[in-house]
Amino acid sequence: MCMCPLDPYTRPPMSEKDPKQITRKSEDFDRWYTDVVRRAELADYTPVGGCMVVRPYGWALWENARDALDAMIKRTGHENMQFPLFIPESYLMKEAEHVEGFAPEVAWVTHGGDKELEERLAIRPTSETIICSLYAKWIQSWRDLPVLINQWANVVRWEKRTRLFLRTTEFWWQEGHTFHETSEEAAREVDTMLGCYRELIEDWLCMASVPGRKTESEKFAGADYTLSVEAFMSDRLALQAGTSHHLGQNFTRAYDITYTDRSNQLQHPFQTSWGLSTRVIGGLIMAHGDEQGLVLPPRVAPVQVIVVPISRSNDPDASRLVDDAVDKLERESQGLVRLRTDRREGVRPGEKYAHWELRGVPLRVVVGAKDLADGMVTVVRRMDADQQRLPLDTLAVQLPRLLDEAHHALRAHAQQMLDEASREVATLDELRQAFADGPVWANAPFCNTPACELAVKAAVHAVTVRNLRADRTADGAPCLACAQPTDHVALIARAY
Ligand SMILES: [Zn+2]
């Protein structure tokens, strides 16, 4: 175990019953984030420096997001497969920019048992190199194209600083890899997959986001260009939530992948890769969470509805009424929603409410004898504490609609926060003014030259050009830094 006194792993365990253990979000966002992740039992630190453990509740959340994306990946014609965890050093070294980009983060295996290896093996930081080496054998003719594959895997990038879900040495992701006959076809693929990421982020995770193209300095090492979805966090920072890269022929040349084209000429195929990781879980926590803890998007919440029965041991008739109502609800909601009942004994209702609020469960159904006397139960929505009394008889079939309403309300709230944080700026001075009172999302005409990108970074502490917006054009307006006419609108923000 790391003996560093600041290592959070060595902090004393937190008490479930002490709500003060969550730092106030408004006071210290970073500590609030870590408190929520740990107390809601999503993930925790481990004795292995830089590595996290994803606990069952967190893994169920990831699985739901993963399954949604996996369905999109398959819907768009891709197949899953699995490559080795290890990559021979010589493979990694073939594409110069790629090596330079990843070298500082690679973990190496030097021994097998007590024998030193003749060639070091990298633990995959990403799999382009080994995939290219294998497909060099498998791609022979234009008939073998396109290749559309994906792998769900863990990868390792040695990190000095750890933040649960956001920055860990080992993380989980999917990496898609495709090969095409033409650059245009590869470009369409890159757009399609960015569209899938946006669908996951907005339609499943309820976040607000901006799609666009990365600048030269921010693109993937070895790519022609990179597209990204930048998701809006409630502290007004950006999180790069998914990226899709057009690799051109850079890797297929370096790895000597050739095929015979339709006119019998030898060609290098065009390639793409695209990835989305467990980082997105950190994103949805920061996008939606509040002072009480997590607020989970209904479509991926492991528990969508929590039922809290209010029983009194001194009134067996009332208790039986409550028990019967809960049984009916459980029976009738099967297959409709993910519903769970909190039957823990010796825990007060208020503690149960706080427990499930911390865990972000979208709907709470309180079943008590008093309401039941009128055939009613009380339903409370997590995101805004909206409360309604509804008839027990039809509640089960109403639950999917109530969850859908919660979904749209959460999505609209995220969009509203993004809209409120957005600023239009025309000059570097206006950019400075926009950030004077804290972070915003600034939109500005931007010529996309390295000099102007440096000027933007120098103008305001810690901001970057997140991307060139795919959904907007500057129509020849002057660049905020050099005043040359441009069509690009840059999204400028601070980011995780
Ligand atoms: Zn410029």
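General remarks:
- Residues of segment 151-175 that are in contact with a helix residue (DSSP H, G or I) (Cβ under 6 Å, 6 or more places away or on another chain) and either open to solvent by less than 40 Å² (accessible area, probe 1.4 Å) or assigned to a strand (DSSP E or B) (or both): LEU164, PHE165, LEU166.
Table: residues versus (1) modelled with pLDDT under 95; (2) aliphatic (A, V, I, L, M).
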position: ALA208; (1), (2): no, yes
position: ASP224; (1), (2): no, no
position: VAL229; (1), (2): no, yes
position: LEU239; (1), (2): no, yes
position: GLN249; (1), (2): no, no
position: TYR255; (1), (2): yes, no
position: LEU266; (1), (2): no, yes
position: PRO269; (1), (2): no, no
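- Every residue from segment 452-461 that is within 10 Å of the ligand (Cβ to nearest atom) and out of contact with any helix residue (DSSP H, G or I) (no Cβ under 9 Å at 6 or more places or on another chain): CYS452
- Reported count of residues in segment 232-267, each being aromatic (Phe, Trp, Tyr) and assigned to a strand (DSSP E or B), is 2.
- Residue match in segment 176-196 (condition: open to solvent by 10 Å² or more (accessible area, probe 1.4 Å) and either under 23 Å from LEU294 (Cβ atoms) or assigned to a strand (DSSP E or B) (or both)): no
- Residue count for segment 262-295, restricted to those that are closer than 28 Å to GLU97 by Cα, touching a helix residue (DSSP H, G or I) at 6+ places or on another chain (Cβ under 7 Å) and surrounded by fewer than 21 Cβ atoms within 10 Å (Cβ to Cβ): 1
- Among the candidates THR449, THR486, THR464, THR473, residue that is farther than 15 Å from ALA231 by Cα, away from the ligand (no atom under 13 Å from the Cβ) and modelled with pLDDT of 95 or more: THR473
- Any hit, segment 57-64, residues being among the aromatic types (Phe, Trp, Tyr) and either surrounded by fewer than 14 Cβ atoms within 10 Å (Cβ to Cβ) or free of Cβ contacts under 8 Å to residues at least 12 places away in the same chain (or both): yes
- Residues located in segment 425-446, provided they are within 27 Å of the chain's Cα centre (by Cα) and more than 16 Å from the ligand (Cβ to nearest atom): PHE435, GLY438, PRO439, VAL440, TRP441
- Among the residues of segment 101-150, the ones that are in contact (Cβ under 8 Å) with a residue 24 or more places away in the chain, closer than 21 Å to ASP256 by Cα and open to solvent by 70 Å² or more (accessible area, probe 1.4 Å) come to 1 in all.
- Among the candidates PRO13, PRO8, PRO88, residue that is touching a Leu at 6+ places or on another chain (Cβ under 7 Å), at pLDDT below 95 and surrounded by fewer than 18 Cβ atoms within 10 Å (Cβ to Cβ): PRO88
- Which listed residue is open to solvent by 20 Å² or more (accessible area, probe 1.4 Å), more than 16 Å from the chain's Cα centre (by Cα) and of a type in the set (Ser, Thr, Tyr), from TYR255, TYR259, TYR225: TYR225
- Candidates VAL361, VAL307, filtered to the one that is open to solvent by less than 20 Å² (accessible area, probe 1.4 Å), of a type in the set (A, V, I, L, M) and closer than 27 Å to ALA208 by Cβ: VAL361
- Every pair of residues 6+ apart whose Cβ atoms lie under 9 Å, when the first sits in segment 282-307 and is farther than 16 Å from LEU358 by Cβ while the second is assigned to a loop (DSSP other than H, G, I, E, B) and polar (S, T, N, Q): ALA287/SER234; PRO298/GLN304
The values are calculated or read from the model by the stated rules, or taken from the named source; none is laboratory data. Note that the structure is predicted; figures quoted are calculated from it, not measured. Methodologically, a virtual Cβ is constructed for each residue, glycine included, from the backbone with ideal geometry; neighbour enumeration extends over all protein chains shown. For the accessible areas, the whole protein counts, side chains as well, though only heavy atoms, and no ligand, DNA or RNA atoms are used. Shrake-Rupley method; radii C 1.70, N 1.55, O 1.52, S 1.80 Å.
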